[in-house]
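Down below is the structure, laid out as structure tokens.
The values are calculated or read from the model by the stated rules, or taken from the named source; none is laboratory data. Just so we're clear, the structure is a prediction, and the values are computed from it rather than from any experiment. Ideal geometry is used to build each Cβ from the backbone, glycine not excepted, and the neighbour counts take in all protein chains shown. All accessible areas refer to the heavy atoms of the entire protein, side chains included, with ligands and DNA or RNA removed. Shrake-Rupley method; radii C 1.70, N 1.55, O 1.52, S 1.80 Å.
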Amino acid sequence: MARRTAPQETAQGVARWVAGIDPDGTLDEAADVRRRFTMASGLDGRVHLRGDLDAVGGEYLHAALAALMNGDRPAGDTRGHAERQGDALVALARGALDGGSLPDVRGERPHVRVTIDWQALCAARGAAGVSGGSLGWAGPICPETARRLACDAGVVRVVTGPDGLPLDVGRAQRTATAAIRRAVEIRDGQCVFAGCDALPEWCDVHHVVHWAHGGPTSCDNGALLCERHHTACHEGGFSVSRDAGTSTWHTWRPDGTEVLSRAGP
């Protein structure tokens with residue numbers, strides 16, 4: 001078998017052979033369902049993952065990721081397997097959070113928490129001397145990333161004193177109601193970034209004019225953008241605009257030129 005097959009096929013063949021001639025001898029290995037998974041935030045702002053699963057646990061995860069990776073892959077997708085698998089893992093977590101099926105934590109629905117100074121949130125993109133925001137676990141992020149996350153989120157106002165201690169906490173307010181999102185989905189149908197056909201359920205409702213800059217939470221000021229292109233519009237400097245009274249969208253590069261091809265950024 002080793003002469004005729006590749007190393008992985010040889011290993012699988014030997015495993016099948018052992019399981020067939022000595023099934024009781026494999027029970028101890030099959031009973032090892034220990035699973036390990038660690039996440040660590042690096043100095044570069046990236047999060048590093050490491051772990052190992054038993055065969056059945058790995059199959060569950062693989063099946064879920066494969067569904068998200070291949071269920072409706074956008075046309076012209078040039079991402080590699082590792083990139084698609086990473087995006088699918090994040091989509092799996094986002095779906096669980098959005099679906100409301102996770103258990104409450106300390107009486108509150110689990111959510112991603114972003115903290116940013118109000119002046120930093122309202123500042124223009126790229127303004128000098130503006131402090132960034134912070135994620136509850138992963139740590140510091142740039143102001144534009146915080147603005148992107150605030151596009152379609154609940155916002156809570158916390159007033160602090162000179163010593164940084166909270167003085168007052170306002171009530172959460174959704175920036176996009178279910179009715180507005182439904183109307184935007186019907187109008188746009190998919191991600192409006194040039195060349196992208198990501199489905200509405202993969203998209204955020206982006207404020208064309210950010211709400212912190214006076215942009216209203218309305219259908220006219222809303223646009224469906226998938227996570228990749230939502231990031232491109234905030235952190236990447238791209239922008240989108242719609243012809244008034246139509247569903248025709250335009251995508252603009254940071255230098256002001258329009259993206260006319262069917263390729264993304």
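Data for the structure
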quantity: Residues located in the range 232-265, provided they are among the β-branched types (Val, Ile, Thr) and free of Cβ contacts under 8 Å to residues at least 60 places away in the same chain; calculated: Val240, Thr246, Thr248, Thr251, Thr257
quantity: Which numbered condition Glu144 misses (of (1) acidic (Asp, Glu); (2) open to solvent by 40 Å² or more (accessible area, probe 1.4 Å); (3) part of a helix (DSSP H, G or I); (4) at pLDDT 85 or above); calculated: (2)
quantity: Qualifying residue in the range 169-188 (condition: under 25 Å from Arg84 (Cα atoms), open to solvent by less than 40 Å² (accessible area, probe 1.4 Å) and modelled with pLDDT of 80 or more); calculated: yes
quantity: Subset tally (residues that are in a strand (DSSP E or B) and within 14 Å of Thr145 (Cβ to Cβ)) for the range 226-238; calculated: 0
quantity: Conditions (1) open to solvent by 50 Å² or more (accessible area, probe 1.4 Å); (2) within 21 Å of the chain's Cα centre (by Cα); (3) of a type outside the set (A, V, I, L, M): number failed by Pro216; calculated: (2)
quantity: Options Gly126, Gly132, Gly107; residue that is within 19 Å of Ala212 (Cβ to Cβ), at pLDDT below 85, open to solvent by 50 Å² or more (accessible area, probe 1.4 Å) and more than 13 Å from the chain's Cα centre (by Cα); calculated: Gly126
quantity: Counted residues, the range 123-140 - those being touching a helix residue (DSSP H, G or I) at 6+ places or on another chain (Cβ under 7 Å) and part of a loop (DSSP other than H, G, I, E, B); calculated: 5
quantity: Filter result for Arg94 (surrounded by 12 or more Cβ atoms within 10 Å (Cβ to Cβ) and under 20 Å from Trp137 (Cβ atoms)); calculated: yes
quantity: Count - residues of the range 182-212 that are in a helix (DSSP H, G or I), in contact (Cβ under 8 Å) with a residue 24 or more places away in the chain and closer than 19 Å to Gly154 by Cβ; calculated: 3
quantity: Residue check for Arg262: at pLDDT below 90 and not in a loop (DSSP other than H, G, I, E, B); calculated: no
quantity: Checking His229 against (1) without any contact (Cβ under 8 Å) to a residue 40 or more places away in the chain; (2) farther than 20 Å from Gly154 by Cβ; (3) surrounded by fewer than 16 Cβ atoms within 10 Å (Cβ to Cβ), the condition it does not meet; calculated: (3)
quantity: Any chance Arg84 is outside any loop (DSSP other than H, G, I, E, B) and not acidic (Asp, Glu); calculated: yes
